[in-house]
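Okay, structure first, notes after.
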Amino acid sequence: MKHALRFSLAIAAIGSIFTSCNNATTTATTGKDSSTKAGITKVPWGTADNKEVSLFTLTNDKGVQVKISTYGGAVTSWVSPDKNGKPSNIVLGFDSLSGYLAKPPYFGALVGRYGNRIAKGKFSIDTAHYTLATNNGTNHLHGGNKGFDKQVWDAAVSSDNTPTLLLSYVSKDGEEGYPGNLKVNVRYTLTNDDELKIEYSAATDKATPINLTNHSYFNLSGDPTTTILNHKLMIDADNYTPVDTTLIPTGEIKAVKGSAFDFTTAKKIGRDIGQVAGNPGGYDHNWVLNKKDTSLSKVAVLSDSISGRTLEVYTTQPGLQFYTGNFLDGTIKTSAGQPINKNAALCMETQHFPDSPNQPKFPTTILKPGQQYHSLTVYKLSVSK
Ligand code: BGC
């Protein structure tokens, strides 16, 4: 919420280098003429809410490709080679828009206005009391019935050499119960170092809670029919926020030391997962990152020895929701028809803590008029033999 002026200028600058993309044609590219040339291309991808949806493909110099839909701003695939040079997709996603219109649990999507839960869908700012849509039992989850993941975003592409997609959405005053017209910009960049950068900025005309994140489900093996339980994970966090049976934080900031929640040294995700109580059980918690300020810091490292892939997570955010796909139960199928089962993939959602608007001890998530919201998260992929 700080640095208001700096980021107003940044938003203005972003706007000036982007080209609006309302027609369904190929856009900026660099390099040789082939389907894997570096740059960014666009194809029509159907309609939702009577608006045209587009699918963008960002390709870097190495031929690594990330596809992003303007429906929900969702990362639909991230194809990169494994240690044997064989390319595969490391995120859950669908080949067509219909998969997303069937409401999968936020596959790859941009999540907002408030990522994760707000207890009973209620909060107050000063003397004003607000009631949000309750779409997760008695709680509000990921922005409500029609959060940012179910909206068609406007798109523009950058004219410089690094493939960059700017998505914009205006969330109206009262949408899902939230106060204020909120203008949101999300900038996706795929670098030649195989980093997917996601930069969020927003401004409001009334005080509102805000917590933007990306809900990609990773399986570094590239095979969603295997679980992620043999992936190793390190999270640079000495504490986490315990939850009640409805996954609302109790307010306690609890040490991970000596518990299944201790990922301070890399360990297999499956090692202690059986100790995490709950129905259906498994990790679905917010880690309190050790970083002390809003600078960009490495907060997690995920690796898979079979594919040789490693994914590092850098963020400016104070929290990380590590979710092991516990509610995936085989009902949803991949585009190839394979059931997506429990633990088929995991999320590392960089964020503020769940239910912060009702938790006075958590860092504030209230954005006020005149302030500029800004956060940056980088997922950096590498491969080793
Ligand atoms: C939440 C889970 C939820 C999942 C899909 C995660 O961010 O923490 O509880 O099931 O999103 O909605």
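If the condition is being farther than 24 Å from VAL301 by Cα and aliphatic (A, V, I, L, M), then the stretch 244-276 contributes LEU247, ILE248.
Table: residues versus (1) within 16 Å of the ligand (Cβ to nearest atom); (2) of a type in the set (Phe, Trp, Tyr); (3) surrounded by 15 or more Cβ atoms within 10 Å (Cβ to Cβ); (4) more than 22 Å from the chain's Cα centre (by Cα).
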{"residue": "PRO249", "(1), (2), (3), (4)": "yes, no, yes, no"}
{"residue": "ILE253", "(1), (2), (3), (4)": "no, no, yes, yes"}
{"residue": "VAL256", "(1), (2), (3), (4)": "no, no, yes, yes"}
{"residue": "ASP272", "(1), (2), (3), (4)": "no, no, yes, yes"}
{"residue": "VAL276", "(1), (2), (3), (4)": "yes, no, yes, yes"}
{"residue": "ASN286", "(1), (2), (3), (4)": "yes, no, yes, no"}
{"residue": "SER295", "(1), (2), (3), (4)": "no, no, no, no"}
{"residue": "ALA300", "(1), (2), (3), (4)": "yes, no, yes, no"}
{"residue": "ARG309", "(1), (2), (3), (4)": "no, no, yes, no"}
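The sole residue among SER307, SER297 that is at pLDDT 95 or above and under 23 Å from LYS254 (Cβ atoms) is SER297. Selection within the stretch 331-374: residues that are away from the ligand (no atom under 16 Å from the Cβ) and part of a strand (DSSP E or B). The member of this set that is nearest to ALA119 (Cα to Cα) is ILE366. Tallying residues that are more than 11 Å from the ligand (Cβ to nearest atom) and at negative phi within the stretch 116-146 yields 18.
Matching residues to (1) in contact with a Cys (Cβ under 9 Å, 6 or more places away or on another chain); (2) away from the ligand (no atom under 16 Å from the Cβ); (3) at positive phi; (4) modelled with pLDDT of 95 or more:
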position	(1), (2), (3), (4)
SER168	no, yes, no, yes
GLY174	no, yes, yes, yes
THR191	no, yes, no, yes
GLU199	no, yes, no, yes
LYS206	no, yes, no, yes
TYR217	yes, no, no, yes
THR225	no, yes, no, yes
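So, SER77, is that one free of Cβ contacts under 8 Å to residues at least 24 places away in the same chain and either of a type in the set (D, E, K, R) or part of a strand (DSSP E or B) (or both) or not? Criteria met by SER77. If you check ASP82, ASP95, ASP149 for being within 14 Å of the ligand (Cβ to nearest atom) and at pLDDT 95 or above, only one passes: ASP149. Cβ-Cβ distances below 6 Å connect the following pairs, each with a first residue in the stretch 305-328 that is in contact (Cβ under 8 Å) with a residue 60 or more places away in the chain, a second residue that is among the β-branched types (Val, Ile, Thr) and within 16 Å of the ligand (Cβ to nearest atom), and a separation of six or more residues or different chains: THR315/THR350; THR315/THR377; GLN317/THR350; LEU320/THR350; LEU328/ILE340. A residue that is touching a helix residue (DSSP H, G or I) at 6+ places or on another chain (Cβ under 6 Å), outside any loop (DSSP other than H, G, I, E, B) and modelled with pLDDT of 95 or more occurs somewhere in the stretch 35-52. For the stretch 137-154, filtering for residues that are surrounded by fewer than 23 Cβ atoms within 10 Å (Cβ to Cβ) and touching a residue at least 60 places away in the same chain (Cβ under 8 Å) leaves 6. Per this entry, ASN211 is counted among residues that are under 30 Å from GLU176 (Cα atoms), buried (at least 17 other Cβ atoms within 10 Å of the Cβ) and either in contact with a strand residue (DSSP E or B) (Cβ under 8 Å, 6 or more places away or on another chain) or touching a residue at least 24 places away in the same chain (Cβ under 8 Å) (or both).
The values are calculated or read from the model by the stated rules, or taken from the named source; none is laboratory data. Note that this is a predicted model, so its numbers are computed, not measured. Every residue, glycine among them, receives a Cβ derived from its backbone with ideal geometry; neighbour counts consider all protein chains shown.
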